[in-house]
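This report concerns only the one structure given below.
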Amino acid sequence: MIDAAIANPLRDPKDTFRRYTIFGVCAVFVLAVAKDIIIDETDWERMGTLAEMVKTALFFLPEWSFFPQTVLPLLETLLIALWGTILAVGVSVPIAYLAARNITPMPWITYPLGRGLIVLSRSTHEIIFALIYVSALGLGPLPGILALATRSLGFLAKTTAEAIENADPGPIEAIEATGANRLMVFCFGVIPQIFPIFVGNVIFQMDINIRRASILGLVGGGGIGLMFAEVMQNLYYGRAGMIVVGITAMVVVGEFISNRVRERLI
Amino acid sequence: MKENVSLAFDRHRSEEMRSGLWKFVGLLLFIAFAFWSIDVLKIPIERVLGMFGRLGTMISERLLPPEMAFAAQPRVVDSIVETIEMSILGAVIGTIITMPLAWFAAWNVTPSRAILFPLSRAIIVVTRGMPTLMWAMVLVAIFGFGPFAGMLALVKASIGFAGKLMAEQIEAIDMKRVEAIRATGANELDVLFYAVIPQVWANWVGIIIYNWDAQLRNSTILGFVGAGGMGLYLREQISIIEYQTAMAIIVVIIVMVVLSETASHFLRHRLY
């Protein structure tokens, strides 16, 4: 690799020096962090020998006979993901309307508002939303659905707003020329243009939401996570292994289907 | 002529009615599905109706304002530093493991299509599918509490997240350069270093930074299951119903994530 760098006459040697300096600084920094985490803050004494760790790990081998009991929670998880996505779709369209620079009604007020909501939704982990909803609404799938909806509307609104900003202004002007109001321009000039992109993003989000829904139960948001928390607490590690296998299978199948459908759409 | 027009109109009408009928059937099916899922999920309807009021009082009376003094305590600040360190280490080790995996998992240049390709694809798919928080719980059971288990969980998350993106980048390269290097009699490793990496490196650096950003987001809640970092205090404060101090942690998390997102955006545009 070094040969390639020297042999390239277009590359400035100063640039190469800068690259290696940046690389060196990063390496020293990462080594310092590694020392802190692996040597200073890990209790190697208590962890025991490698053989003990392997023994504990072997407890997690899936207990296949537990599978029938995981089917209903898995279905619940799927439904939570689906309803979270449906709610997010409903809420994200108006937010995208506010957060798209070219059509937002009052650029000084509504644009920052829409962007702020998007940042809030995208930067907070779904577990945190679930905690807030669970503390307000009690346990069960309802706070889980709301948490998923809040978490995924940011992505949907952001991509939709970007699609609106990149939309062809021709049809929009044509509709405006007929004397249509803002809402009609949005419905007939903008929505038909962005619809395929939007559907693709919704399917993508659905596939991610299955993964997110599976852990909501750990904080009381319903679904398979609740069962996982129970079996972990009661030290049924084999059952926990089975649940992880079940979720992984569901997510992988979901992702496969989502990829196929999106390929078809585009 | 007149016949034709009315015929065409009739056809248009019947098509319109048919599509209207389909929409109606679709709506009915959707409503039936909604009722069925409410039944399966056992959602209490009366609670849905009073939901917004309860959320409003919850947020205005119990969550706000956040008690930021809690987050300034030394033990909390230490845990925040630990979170960031964990995310950096997990992302670095994860991407180092991911690089060869991405090479094996790219169909066009993989050194062995029969063994390494399906194996590495399977590793990437399974690590992507497995929820990181559950994996962290399993690791905590094996390695004990602390940032070491959290770091390993983030390594797993990095392989799933970056592996797919990096392999996709390799699959999109220009094969002419690969052929040119192969024509000189180069072996697979030479092809990797002189034809593949120069083409994907710029995008890979972007993916590495993006991956760190994603892992920072993951690391903030790993403490929830005892895998190190600030999530521990979030859980502690919630379980003793101190929502205002918990909100302080949440505010710190949001600020951290927004800052890291800005930093990663800046770095990605600055470096390449």
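Please verify whether region B:156-167 includes one or more residues that are touching a Gly at 6+ places or on another chain (Cβ under 9 Å) and either without any contact (Cβ under 8 Å) to a residue 12 or more places away in the chain or on the phi > 0 side of the Ramachandran plot (or both).
no
Taking helices (runs of 4 or more DSSP H) that fall entirely within region B:166-229, which contain at least 3 residues that are under 22 Å from the mean Cα position of the chain (by Cα) and farther than 21 Å from B:Val125 by Cα?
B:197-222
Going through region A:226-249 one residue at a time, which ones are at the interface with chain B (Cβ under 8 Å from one of its Cβ atoms) and either free of Cβ contacts under 8 Å to residues at least 60 places away in the same chain or within 30 Å of A:Ala136 (Cα to Cα) (or both)?
Scanning region A:226-249 gives A:Phe228, A:Met232, A:Ala240, A:Ile243, A:Val244, A:Ile247, A:Thr248, A:Ala249.
Are any residues in region B:39-84 among the hydrophobic types (A, V, I, L, M, F, W, C) and facing chain A (nearest Cβ under 9 Å), and if so, which ones?
Kept after step one, since they are among the hydrophobic types (A, V, I, L, M, F, W, C), are these residues of region B:39-84: B:40-41, B:43, B:45, B:48-49, B:51-52, B:55, B:58-59, B:63-64, B:68-72, B:76-77, B:80-81, B:84.
Matches in region B:39-84: B:Val40, B:Leu41, B:Ile43, B:Val48, B:Met51, B:Leu55, B:Met58, B:Ile59, B:Leu63, B:Val81, B:Ile84.
Pick from B:Ser87, B:Ser79: which is in the same structural domain as B:Leu152 (by TED's automatic domain parsing), farther than 30 Å from B:Val125 by Cα, in contact with a helix residue (DSSP H, G or I) (Cβ under 8 Å, 6 or more places away or on another chain) and touching a residue at least 60 places away in the same chain (Cβ under 8 Å)?
Just a single option satisfies the conditions, and that option is B:Ser79.
Select from region B:252-271 the residues that are within 10 Å of chain A (Cβ to nearest Cβ) and touching a residue at least 60 places away in the same chain (Cβ under 8 Å) and write down the one among them that is farthest from B:Glu85 (Cα to Cα).
B:Leu271
Could you say whether any residue in region B:150-158 is within 14 Å of chain A (Cβ to nearest Cβ), β-branched (Val, Ile, Thr) and more than 20 Å from A:Ile210 (Cα to Cα)?
Among the residues of region B:150-158, at least one is within 14 Å of chain A (Cβ to nearest Cβ), β-branched (Val, Ile, Thr) and more than 20 Å from A:Ile210 (Cα to Cα), which makes the answer yes.
If we scan region B:94-110, do we find a residue that is polar (S, T, N, Q), surrounded by 23 or more Cβ atoms within 10 Å (Cβ to Cβ) and touching a residue at least 24 places away in the same chain (Cβ under 8 Å)?
Of all residues in region B:94-110, those polar (S, T, N, Q) come to B:95, B:98, B:108, B:110.
Checking which are surrounded by 23 or more Cβ atoms within 10 Å (Cβ to Cβ) leaves us with B:95, B:98.
Now restrict to residues that are touching a residue at least 24 places away in the same chain (Cβ under 8 Å): B:95, B:98.
Looking through region B:94-110, at least one residue is polar (S, T, N, Q), surrounded by 23 or more Cβ atoms within 10 Å (Cβ to Cβ) and touching a residue at least 24 places away in the same chain (Cβ under 8 Å).
Which residue, of A:Leu82, A:Leu142, A:Leu120, is surrounded by fewer than 17 Cβ atoms within 10 Å (Cβ to Cβ) and either within 25 Å of A:Gln205 (Cα to Cα) or outside the structural domain of A:Ile203 (by TED's automatic domain parsing) (or both)?
On inspection, the qualifying residue turns out to be A:Leu120.
Can you find, within region B:215-241, the residue that is surrounded by the most Cβ atoms within 10 Å (Cβ to Cβ) among those that are without any contact (Cβ under 8 Å) to a residue 60 or more places away in the chain and more than 10 Å from chain A (Cβ to nearest Cβ)?
The extreme case among them is B:Glu236.
Here are A:Leu120, A:Leu131, A:Leu113: which of them is assigned to a helix (DSSP H, G or I) and either basic (Lys, Arg) or closer than 18 Å to A:Thr85 by Cα (or both)? Even if it seems obvious, please write down each step before you answer.
Details: A:Leu131 fails: either basic (Lys, Arg) or closer than 18 Å to A:Thr85 by Cα (or both); A:Leu113 fails: either basic (Lys, Arg) or closer than 18 Å to A:Thr85 by Cα (or both).
Going through A:Leu120, A:Leu131, A:Leu113 in turn, the sole match is A:Leu120.
The values are calculated or read from the model by the stated rules, or taken from the named source; none is laboratory data. Note that the structure is a prediction, hence the values are computed from the model and not measured. Please note: Cβ atoms are built from the backbone with ideal geometry, for glycine as well, and neighbour counts cover all protein chains shown.
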